[in-house]
1. Roughly how many nanometres apart are two label points built 7 Å out from the Cα toward the Cβ at Val7 and Thr116?
2. Considering only the other residues whose Cβ falls under 13 Å of the Cβ of Leu49, what net charge follows from Lys and Arg at +1 and Asp and Glu at -1?
3. Which of Cys82, Cys6, Cys15 comes first, and how do the rest follow, when ranked by fewest Cβ neighbours within 10 Å?
4. For the range 146-292, what does the equivalent ellipsoid look like in terms of its semi-axes, each the square root of 5 times an eigenvalue of the Cα gyration tensor, given largest first in whole Å?
5. Val199: net charge of surrounding residues, Cβ under 15 Å, Lys/Arg +1, Asp/Glu -1, itself excluded?
6. At a temperature of 10 °C and a viscosity of 1.306 mPa s, determine how fast the range 199-272 diffuses translationally according to Stokes-Einstein, using the Kirkwood radius over alpha-carbon pairs as Rh; express D in µm²/s, rounded to the nearest whole number.
7. Using helices alone, I'd like the mean residue ellipticity at 222 nm for the chain: each DSSP H run of four-plus residues gives -39500 (n - 2.57), total over residue count, nearest 500.
8. Before anything else, pin down the relative contact order of the range 80-291: Cα pairs under 8 Å, at least 6 apart, normalised by residue count, whole percent.
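None of the figures in this text is laboratory data; all of them are computed from the coordinates on show. Just so it is clear, the structure is predicted and the values come from calculations on it, not from any experiment. Glycine gets a Cβ as well: all are built from the backbone with ideal geometry, and neighbour counts include every protein chain shown.
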Amino acid sequence: MKLGTCVYQQQTYVCIAAGDTVLLPALDAAFDQPAWRDMLALIDSDIDLQAVRNTLTAAMRVPLADVTLLAPIPRPRKNVMCLGLNYLEHAQETANQIGRTGKAPQYPIVFTKCPTSVIGHEATVPFDPETCSQLDWEAELGVVLGKGGKKIARENALAHVFGYTVINDLSARDIQLNHKQYFLGKSIDGGCPMGPWIVTADEIADPQALAIACRVNGVTKQASNTRHMIVDVASIIEWLSRGMTLEAGDVIATGTPSGVGFVREPPEYLLPGDVVECEVEGVGVLRNTIVG
């Protein structure tokens, strides 16, 4: 099931993708409950989504063109947790750029993006050259937890996943490099496009077997597969939960493959008018336009 959050007739709903239409369960009085108006409430609920499939009604169906999609979780409760240098070729290209030898990190590199950076599919990314003039793309598989925990064993970790989404870990490289840390350069307004959907975990047989790509103005910049992650999804959850309690609704960005802009010769950065598409096989295509 592909789940999203949308605005329809000035109200916010959880929606279910259905081709060129969406289903809004809350439009049916029998389903009008908080869980169908807020994605985090749905994740927290004990609703059987498989059973819902069998009770969807025509009253819930509206044209996709009539709704505005938001990020599936428009405002995460906490910072989005992100993996840095989690594809070997990306670790190598980054190391080469700063005159080092690229190798797989011994331990996962983790940083975060603040909730205010999250925007949805087709939302515009503001370009402010006074703040950032080196805006870079990073296509990533996003993981949304449905069940929390601490010291989660790797072999049980995927059972904690609610679903998967697409994230563009947009990076203000000048801020990131000038400040010698990740947070400011990763948390600019509009810096975390997410969506269009959360695909429930039952529809992704293996999160380590998904093609992943990024295109700018139709030109492919990144093309890889999640099998090339250094730390796989289950191990990421295990590592993160070792000393910190994870919670339902937490969002994890699992790292980006090679092909980012700042390592290119010459470097390439996003400018007003550029259209960025990030795609993960079986999950969807996330599209955003840079606007000055």
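1. 1.9
2. Here the count lands on -2.
3. Fewest to most other Cβ atoms nearby, the residues stand as Cys6, Cys82, Cys15.
4. 28, 18, 14
5. Within the 15 Å Cβ shell, the charges total -4.
6. 107
7. Value at 222 nm, helices only, nearest 500: -3500 deg cm²/dmol.
8. Worked out over the range 80-291, it gives 33 percent.
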